[in-house]
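These notes concern the structure reproduced below.
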There are 2 protein chains.
Amino acid sequence: MFSQTVEYALRAMATLASHPDNQFCPAPRIAEVAQIPASYLSKVLKHLVDAGLLRGQRGPGGGFMLRRPASEISIWDVVEAVDPIRRIKTCPLDLGAHKTNLCPLHRKLDNVLADMEKAFKEATLSEMMNQPGYPQPLCDFVNSTPAPAVEGRTPLA
Amino acid sequence: MFSQTVEYALRAMATLASHPDNQFCPAPRIAEVAQIPASYLSKVLKHLVDAGLLRGQRGPGGGFMLRRPASEISIWDVVEAVDPIRRIKTCPLDLGAHKTNLCPLHRKLDNVLADMEKAFKEATLSEMMNQPGYPQPLCDFVNSTPAPAVEGRTPLA
């Protein structure tokens, strides 16, 4: 139901939420921790940068970091950036009588999408990272030693 | 979020729920009413027959009909037949610590899927067809004159 792109974007964001504040995380490190193929990751990261969720910096020592605290980023922000939930606002069949009054079938589908949107808007990335009694996302990897940072950065976005 | 296949399957089922009881509805009529390309429709109908939701009969005068009353078919039955909701039961990254205890991120995603499953299980096809104050699904078409039936039938399923 959720696309691979959504899954990868959430993993990439979780990786960066686990990374030390104000330090860029190199793309290869994100790929390693989040287990995302490099070519797929670069597309996902571009969407997240374009949506204003990430800051990117080219060059040695560059990489990606969250643009705002994880407590101010919702699951919905991430989903919306890479594979938006398309609510059903008008009749998919363009039937005259349904334009401003969806039939019960399409209303039911849209209600389910509305509930999903609400649940995702209420869930912040930081809540996903820290819940007592539950393992941290990607914890097998984020606690392993990252590749050493190198100086010399060029802004990406 | 919902696939084109789900949308088409629900439209096909709504068409058959509007068709007179115990009469086969020819596939071209379903395609016309539900606005589904013929080749796509045949694949969708096969899934619905295989799932035991439809009875099909070949030959002139044949077609498709619901196998049980619309009041006993849920939206979930239809979705499950053509594009099942895949709940998240185990860690998509196969992380050791998460196997029996999903991280909050994947738990949140699965909770949203569980809510969707519940909403679809509680909604019957007949409820989608008859709600005061709302237009009937496909009503611009189901009330138009169908193609005349022809005698001579061969069981399909």
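The values are calculated or read from the model by the stated rules, or taken from the named source; none is laboratory data. Worth saying up front: this structure is predicted, and the values here are computed from it rather than measured. Every residue, glycine among them, receives a Cβ derived from its backbone with ideal geometry; neighbour counts consider all protein chains shown.
Name the single residue that is nearest to the chain's Cα centre (by Cα) among those in region A:113-128 being among the aliphatic types (A, V, I, L, M) and at the interface with chain B (Cβ under 9 Å from one of its Cβ atoms).
A:Leu125
Looking at region B:54-63, is at least one residue buried (at least 21 other Cβ atoms within 10 Å of the Cβ) and touching a Cys at 6+ places or on another chain (Cβ under 6 Å)?
Yes: region B:54-63 contains one or more residues that are buried (at least 21 other Cβ atoms within 10 Å of the Cβ) and touching a Cys at 6+ places or on another chain (Cβ under 6 Å).
Run A:Thr5 past the list (1) of a type outside the set (Phe, Trp, Tyr); (2) assigned to a helix (DSSP H, G or I); (3) in contact with a Ser or Thr (Cβ under 8 Å, 6 or more places away or on another chain) and report the number of the one that doesn't hold.
(3)
Give the number of residues within region A:50-61 that are assigned to a loop (DSSP other than H, G, I, E, B) and at pLDDT 95 or above.
Start the filter on region A:50-61 by keeping residues that are assigned to a loop (DSSP other than H, G, I, E, B), which leaves A:51-53, A:59-61.
Keeping just the survivors that are at pLDDT 95 or above gives A:51-53.
Number of matching residues: 3.
Residue-by-condition table, conditions (1) away from chain A (no Cβ under 14 Å); (2) at pLDDT 95 or above; (3) within 10 Å of the chain's Cα centre (by Cα); (4) surrounded by 22 or more Cβ atoms within 10 Å (Cβ to Cβ):
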site: B:Ser3; (1), (2), (3), (4): no, no, no, no
site: B:Ala14; (1), (2), (3), (4): no, no, yes, yes
site: B:Pro20; (1), (2), (3), (4): yes, no, no, no
site: B:Gln23; (1), (2), (3), (4): yes, no, no, no
site: B:Glu32; (1), (2), (3), (4): no, no, no, no
site: B:Gln35; (1), (2), (3), (4): no, no, no, no
site: B:Lys43; (1), (2), (3), (4): yes, yes, no, no
site: B:Leu48; (1), (2), (3), (4): yes, yes, yes, yes
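Looking for something at pLDDT 95 or above and acidic (Asp, Glu) - is there at least one such residue anywhere in region B:84-102?
No, every residue in region B:84-102 fails to be at pLDDT 95 or above and acidic (Asp, Glu).
May I ask you to verify whether A:Lys118 is at pLDDT 95 or above and farther than 14 Å from B:Glu7 by Cα?
Spelling it out, A:Lys118 is indeed at pLDDT 95 or above and farther than 14 Å from B:Glu7 by Cα.
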